[in-house]
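Below is one structure, written out as structure tokens, with a few remarks after it.
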Amino acid sequence: MYKVYWSDDDYAGNPFSANYEKLSEALEFTECLRRLGHIRFITMSCENPNQVGKMGVDSVKDGKLPNGEPYTYMKRRTS
């Protein structure tokens, strides 16, 4: 699912949204809003239905990632 958000100056800048199943429909609607001129802050987002957990690493214990691989990242300072 894709969601388009925008605010309309004709309605005191109130926020609005619309849902679309297809990316092509959401992009077409977003393009139409941008052409109107008085619509502001237009953005589009989607959710990943295949995502199971949080983005990125949520824990490092005893130098290991949750999948058992070693955590080797080290921030290095140059100065």
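The values are calculated or read from the model by the stated rules, or taken from the named source; none is laboratory data. None of these values were measured; they are calculated from a predicted model. A quick note on method: Cβ atoms are made from the backbone with ideal geometry, for glycine too, and the neighbour counts reach across all protein chains shown.
In the stretch 30-49, what residues are in contact with a Phe, Trp or Tyr (Cβ under 7 Å, 6 or more places away or on another chain) and among the hydrophobic types (A, V, I, L, M, F, W, C)?
The answer is 33, 39, 41, 42, 44, 46.
Of the residues that make up the stretch 15-30, is at least one of a type outside the set (Asp, Glu), modelled with pLDDT under 90 and exposed (fewer than 12 other Cβ atoms within 10 Å of the Cβ)?
Checking the stretch 15-30: not a single residue is of a type outside the set (Asp, Glu), modelled with pLDDT under 90 and exposed (fewer than 12 other Cβ atoms within 10 Å of the Cβ).
Can you tell me which residue within the stretch 1-38, out of those that are in contact with an Asp or Glu (Cβ under 8 Å, 6 or more places away or on another chain) and outside any strand (DSSP E or B), is nearest to residue 51 (Cα to Cα)?
Looking at the filtered set, the residue picked out is 1.
Cβ-Cβ distance below 8 Å, separation of 6 or more or different chains: which pairs start in the stretch 41-63 with a residue that is under 16 Å from residue 19 (Cβ atoms) and assigned to a loop (DSSP other than H, G, I, E, B) and end on one that is at pLDDT 85 or above and of a type outside the set (Gly, Ala, Ser)?
Listed by first residue and then by second, the contacts come to 47/1.
Within the stretch 2-31, can you find the residues that are out of contact with any Ser or Thr (no Cβ under 8 Å at 6 or more places or on another chain) and without any contact (Cβ under 8 Å) to a residue 12 or more places away in the chain?
11, 12, 24, 28, 31
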